[in-house]
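Worksheet: one structure, shown below.
Derivation of every value follows stated rules applied to the coordinates shown; laboratory data play no part. If you're wondering where the values come from, they're calculated on a predicted model, not measured in any experiment. So basically every Cβ, Gly included, is an ideal-geometry build from the backbone, and we count neighbours across all protein chains shown.
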Ligand SMILES: [Zn+2]
């Protein structure tokens with residue numbers, strides 16, 4: 001008996017030492033397993049604990065982050081409530097374009113994703129396996145809430161780059177990832193690889209659309225909203241109309257980027273989808289996220305991006321950087337403890353946004369995010385701007 005007790009104790013001790021990091025991140029895992037996706041009030045305490053744990057981990061393992069905390073006189077151990085997160089130093093996304101930060105050894109980085117396309121300055125963010133696995137229950141939960149999972153196979157049309165070994169952009173990875181929400185019968189890419197690089201192949205997309213319209217199985221499109229809009233506008237102008245099979249869906253991500261000025265009125269956009277493809281408004285879904293903040297924001301049936309329990313959002317005054325009241329536009333500060341391999345727990349984007357808390361007809365009480373533009377739009381070369389080049393070449 002004594003022998004077995006001591007053996008058990010030994011096992012516990014060994015496990016405690018070897019899983020030290022796992023223990024540190026157990027609050028984070030618990031948060032990401034929370035099934036009520038938009039339950040902010042119910043997760044505030046867990047969120048604060050998760051942020052404290054992750055910030056302490058970054059402080060211990062990333063020299064640059066340790067310096068940033070010290071310069072700001074911030075001790076992560078002081079994070080007691082979500083309100084304390086307003087004082088946690090944030091890192092601007094632009095910082096990652098010039099500095100590669102990491103908190104785990106390079107050999108542990110499972111994937112490295114870049115934030116933009118084939119041109120411009122790119123951020124390189126490394127994700128270790130543990131961080132990616134943390135995100136899995138979030139994707140499962142969000143997919144379940146928004147009815148994205150389907151056992152019925154679908155034909156995918158992707159308004160993005162065909163993935164290759166060299167293509168490390170987050171968009172192509174994410175777009176490909178989205179083709180697992182429902183089994184893929186086929187995948188058609190709008191930007192295909194040729195000997196001269198990527199080429200926009202509208203004809204191929206239109207042919208695929210025609211096949212999809214005749215199929216017994218639903219179609220799903222994935223892509224930048226701008227690409228989707230331009231294609232639909234083009235189809236309408238050419239008098240092309242389809243009635244896509246029941247259950248077909250338009251999914252979009254990556255924002256409007258440099259196409260803000262061409263952004264149509266949302267109602268106009270949804271009626272265009274209905275007119276050209278016969279897909280109803282409630283089957284048009286938009287996602288929001290960033291390589292520096294890989295949280296899945298999905299619009300509700302009223303097309304609002306409610307903040308999920310896996311993140312928190314602070315809108316800051318562009319001049320003073322002080323938090324603003326809800327309803328007032330400012331700089332978008334995104335906060336999440338998901339990733340441990342890089343100190344991206346609080347990042348400042350170059351987006352201008354408003355956080356709304358006036359309630360929503362969908363019934364969710366979580367505030368929702370409205371992205372209204374970009375700061376310094378002319379000197380930012382984005383994925384979509386890179387894509388614009390292909391659009392011009394393709395037309
Ligand atoms: Zn809503």
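Neighbour counts of other Cβ atoms within 10 Å put 131, 311 in the fewest-to-most order 311, 131. From most to least packed by mean Cβ count within 10 Å, the peptides 335-347, 45-57 give 335-347, 45-57.
Roughly speaking, what is the centre-to-centre gap between the range 319-338 and the range 189-263 when only Cα atoms are used, to the nearest Å? Taking the Cα centre of the range 189-263 as reference, the centre of the range 319-338 is 34 Å away. Sorting 256, 368 from the fewest to the most surrounding beta carbons within 10 angstrom yields 256, 368.
Applying D = kT/(6 pi eta Rh) to the range 232-372, where Rh is the Kirkwood radius over alpha-carbon pairs, T corresponds to 25 °C and eta to 0.890 mPa s, the Stokes-Einstein value obtained is 147 µm²/s. Take the Cβ atoms of residue 26 and residue 144, set R0 to 22 Å, and the FRET efficiency comes out at 0.45.
Computed over the Cα atoms of the range 174-230, the ratio of the radius of gyration to the Kirkwood radius (Rg/Rh) comes to 0.96.
Note on 210, 364, 281, 358: ascending count of other Cβ atoms within 10 Å places them as 358, 210, 281, 364, the fewest first. Per q in 0.14 Å⁻¹, report the Debye log10 I(q)/I(0) for the range 132-394, using one uniform scatterer on each alpha carbon and no solvent. The Cα Debye sum returns log10 ratios of -1.03. Placing pseudo-labels 7 Å out from each Cα toward the beta carbon at residue 326 and residue 86 gives an inter-label distance of 1.4 nm.
On the beta carbon distance between residue 35 and residue 180, with R0 = 22 Å, the FRET formula returns roughly 0.65.
Here the alpha carbons of the range 197-286 define both size measures, Rg and Dmax, at 12.7, 38 Å. Evaluated at q = 0.19, 0.26, 0.27, 0.31 Å⁻¹, a Debye calculation over the C-alpha positions of the range 59-115 (equal weights, vacuum) places log10 I(q)/I(0) at -0.84, -1.15, -1.17, -1.28.
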